[in-house]
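Notes to accompany the following structure.
The values are calculated or read from the model by the stated rules, or taken from the named source; none is laboratory data. Quantities reported herein were computed from a predicted structural model and do not represent experimental measurements. A quick note on method: Cβ atoms are made from the backbone with ideal geometry, for glycine too, and the neighbour counts reach across all protein chains shown.
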Amino acid sequence: MISLQNICKTYDVINAPPFQALTDVNLEIQRGEIFGIIGRSGAGKSTLIRMLNLLERPTSGRIVIDGEDITDLNGGALRNVRQSIGMVFQHFNLLNARTVYENVRFPLRLTGAYSRDDMRLRVEEVLSLVGLSDQRDKYPRQLSGGQRQRVGIARALANRPKLLLCDEATSALDPETTQSILQLLRRINKDLGLTIVLITHGMDVIRAVCNRVAIVDKGRVVELGEVEQIFRAPQHPVTRAMLDPLGIHFGVPAPIGSDT
């Protein structure tokens, strides 16, 4: 479904040499999988995921989604692509002066393609999906962190995207809430057949939810493979270092769909 081909990203820096954020990244992400991208702070993972909806444009290389080269899209064509890609953020990015219902309806209103009744039915549908039907008239400040992230997920799903991007979606949550959000993402992936790409700095998140994973270090993909394979026999020193604190660098990860 997604093909990243020889992606490079360079940033100009005032009074300093250009900064190479990504170098020769090549990835193929299959339809319907949960694909993880992990790396330390500054490794380039956030830049990489933002390439998928062109919030960041590559300096060189190509981005192909569903057979369409989106690298150079602008204007209405770019807006159409972005409407088919939902994004969930670390700090929720909700509109604090609007209710849960209004937050989820917001992207539908932006398209101008839905009637009032259609918007109401869709908002009710996704709020039920994330378990927040009874919270529709509350404001973000009245919700817990986990509930706010569920609103963010509902909003990302409102336009029926074909791809869901999760940018450190559980980093601001406690461990128990993190597990509930990961369970929700697994269910969405299974029930909707939705392709999910998530970035994280936690191997425990990768272990819990992903099918495959790319390890990024200094702007390069240094290891790529099935999660079980990576956990059983990590090859790169960066991968082994990230697994070592968990005490499972030669362990067996929980199977996909397990709540353990």
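Collect the residues in region 26-53 that are aliphatic (A, V, I, L, M) and more than 28 Å from Lys190 (Cβ to Cβ), keeping them in residue-number order.
Of the residues in region 26-53, the ones aliphatic (A, V, I, L, M) are 27, 29, 34, 37-38, 43, 48-49, 51-52.
Matches in region 26-53: Ala43 only.
Residues that are within 15 Å of His91 (Cβ to Cβ) and at pLDDT 95 or above: does region 180-195 have at least one?
Scanning region 180-195 turns up at least one residue that is within 15 Å of His91 (Cβ to Cβ) and at pLDDT 95 or above.
So in region 72-101, with the set limited to residues that are touching a Leu at 6+ places or on another chain (Cβ under 8 Å) and surrounded by fewer than 16 Cβ atoms within 10 Å (Cβ to Cβ), which one is farthest from Val123 (Cα to Cα)? Quick ask: steps written out before the conclusion?
Within region 72-101, the subset touching a Leu at 6+ places or on another chain (Cβ under 8 Å) is 73, 78, 81-82, 84-88, 100-101.
Narrowing the set further to residues that are surrounded by fewer than 16 Cβ atoms within 10 Å (Cβ to Cβ) leaves 78, 84.
Numbers: Leu78: 24, Ser84: 17 Å.
Among those residues, the one meeting the criterion is Leu78.
Show the residue pairs that are 6+ apart or on different chains and have beta-carbon atoms under 6 Å apart, the first residue being within region 131-152 and touching a residue at least 40 places away in the same chain (Cβ under 8 Å), the second being β-branched (Val, Ile, Thr) and outside any loop (DSSP other than H, G, I, E, B).
Close Cβ pairs satisfying both conditions: Gln149/Ile181; Val151/Val100; Gly152/Val88.
Within region 11-26, does at least one residue satisfy the condition of being in a strand (DSSP E or B), closer than 30 Å to Leu192 by Cα and within 19 Å of the chain's Cα centre (by Cα)?
Yes: region 11-26 contains one or more residues that are in a strand (DSSP E or B), closer than 30 Å to Leu192 by Cα and within 19 Å of the chain's Cα centre (by Cα).
Please determine whether any residue of region 47-67 is of a type in the set (Asp, Glu) and out of contact with any helix residue (DSSP H, G or I) (no Cβ under 7 Å at 6 or more places or on another chain).
Checked region 47-67: at least one residue is of a type in the set (Asp, Glu) and out of contact with any helix residue (DSSP H, G or I) (no Cβ under 7 Å at 6 or more places or on another chain).
Can you give me the number of residues within region 216-234 that are free of Cβ contacts under 8 Å to residues at least 60 places away in the same chain and assigned to a loop (DSSP other than H, G, I, E, B)? I'd like the intermediate steps shown before the answer.
Of all residues in region 216-234, those free of Cβ contacts under 8 Å to residues at least 60 places away in the same chain come to 222-223, 225-226, 228-234.
Next cut, assigned to a loop (DSSP other than H, G, I, E, B) only: 233-234.
Qualifying residue count for the region: 2.
Identify, by number, the condition in (1) assigned by TED's automatic domain parsing to the domain that holds Ile38; (2) among the charged types (D, E, K, R); (3) within 12 Å of Val88 (Cβ to Cβ) that Arg150 doesn't meet.
Only one criterion is unmet by Arg150, namely (1).
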